[in-house]
Amino acid sequence: MTGIQGNQTAQGPKHKRNVTRRKVVVAGGAAVAAVGVGGTIAATANAGQTKKGASPTASSTSSETCYKLTSETTEGPYYIDADKLRQDITEDREGIPLTLRLKVIDNETCKPVRNAAVDIWHCDALGLYSGYEDLSSGGGGGGTPPSGTPTDVPSGTPTGSPPAGGGGGGHQEPTDDKRYLRGTWRTDKQGFVTFKTVFPGWYQGRCVHIHTKVHVSGTWTDAGYEGGNTCHTGQFFFDEESVLASAEVEPYSTSTTERTTLTEDTIYDQSGTAGGLLKLKYKKNGIAKGVVGTITMGVDPDATHEGTDDAVQPGASGTTSASASDSTSVS
């Protein structure tokens, strides 16, 4: 299998291991080629985003402006460490084609972060996560409801918080060997990385989103990627206009799951591109033909953000929404 897997230590679960032991192995020892993306993307991604308390200032080495740190969020329970080294993560999943064009920069210097390992993972059009189909709720309309009177009904008052549906809670070990809609690839010398996937669906309790991690300071070798630290754990979000348009297209239109909107979501911090809101482009009244999503992530390469301890807590949201203004429908 062509893929990557991280080492697991005896001291703790896989998702909390010492990141310096992080190692990815490529079957066959094939070297990883850099992704080449045109330099025009930066002009449209995260326009107007600046450091706190400062006006946009040009970098001495780049025409770009400096950016805020992109919001850190929870890793969620369905992360599988660097399982597939690839750009096209679609596999057999049906849905609207989505091209993700991401850029990673150092938020202090505005310089591109090159050779970083970027992970993305998300649910399919009906809300299922690969590796966790038994645990993720899904949103399909199929199936037959159980009949009869349930037995062994629990009594008493439930305690604790309900599960967050992929947005929070502790890490879960995979329950199956499927790995669709998951992948890892490296940033090029300009900090760009591109993925091919499908527009995500939704499931109970969460708005439409994609998870991401950025790993830096490691070494790419013929065997894969070794060492380093996870400097960013975040999520990408989709504005309401695009989600409503996707909901008219099969198989999204067959979902019977109640959808959480962007403003209702407990993970998205309502801060626009700083919070992970993608800039989207697609043909007006023709979203089924495909969507391009772009964003620049401002990170602190020296920081460690695993998304397991410093996650955004449910209910921690802002007061403003930047949804439709960050989406572009083109004729």
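The values are calculated or read from the model by the stated rules, or taken from the named source; none is laboratory data. If you're wondering where the values come from, they're calculated on a predicted model, not measured in any experiment. As a convention, Cβ positions derive from the backbone with ideal geometry for all residues, glycine included, and neighbour counts pool all protein chains shown. What goes into the accessible areas is simple: the full protein's heavy atoms, side chains included, and nothing from ligands, DNA or RNA. Shrake-Rupley method; radii C 1.70, N 1.55, O 1.52, S 1.80 Å.
Consider a paramagnetic label point 7 Å from the Cα of K283 along Cα→Cβ; state which residues of the range 78-104 have an amide N under 12 Å from it.
Residues passing the 12 Å test: none.
Ordering R182, R86 from largest to smallest accessible area (1.4 angstrom probe), what's the sequence? It would help to have the intermediate numbers written out before the result.
Working: R182 10, R86 40 Å².
My answer, sorted largest first, is R86, R182.
Give, in nm to one decimal, the length gained when the segment between S217 and K111 is fully stretched (0.36 nm per residue of separation minus the Cα-Cα distance).
Numbers: separation 106, 0.36 × 106 = 38.16 nm, distance 1.49 nm.
Difference between extended and current length: 36.7 nm.
Just the accessible area for K189, please: 1.4 Å probe, Å², rounded to the nearest 10?
Result for K189: roughly 150 Å² accessible.
Taking the full set of protein chains and a 1.4 angstrom probe, give the accessible area of R93 in square angstrom, rounded to the nearest 10.
Number for this one is 60 Å².
Test of understanding: what is the full-extension gain from T261 to T99, defined as 0.36 nm times their sequence separation minus their Cα-Cα distance?
Working: separation 162, 0.36 × 162 = 58.32 nm, distance 2.24 nm.
That works out to 56.1 nm of additional length.
Please sort 283-289, 271-277 by packing, taking for each peptide the average over its residues of neighbouring beta carbons within 10 angstrom, highest first.
My ranking of the peptides, most packed first, is 271-277, 283-289.
Under 8 Å for C-alpha pairs, at least 6 residues apart: give me the relative contact order for the range 201-310, rounded to a whole percent. Before the final figure, lay out the partial values.
Working: 167 pairs, mean separation 34.4, N = 110.
Relative contact order of the range 201-310: 31 percent.
Kindly provide the pair-distance distribution of the range 170-311 built from C-alpha pairs, with 5 Å bins from 0 and whole-percent values in order of increasing distance.
In whole percents, the pair-distance histogram is 2, 8, 15, 19, 21, 17, 10, 6, 3, 0.
Pairs of Cα atoms under 8 Å, at least six residues apart: use those to get the relative contact order of the range 243-305, whole percent. Please report the intermediate quantities before stating the final value.
Numbers: 38 pairs, mean separation 15.5, N = 63.
Relative contact order here is 25 percent.
Per-residue HN-Hα couplings for the range 175-181, Karplus 6.51 cos²θ - 1.76 cosθ + 1.60 at θ = phi - 60°, whole Hz, x for Gly and Pro?
After applying 6.51 cos²θ - 1.76 cosθ + 1.60, I find 10, 8, 9, 6, 9, 5, 6 Hz.
What FRET efficiency, computed as 1/(1 + (r/R0)^6) with R0 = 25 Å and r the Cβ-Cβ distance, is obtained for E250 and D88, rounded to the nearest 0.05?
Working: r = 22 Å, r/R0 = 0.87.
Once rounded, the FRET efficiency stands at 0.70.
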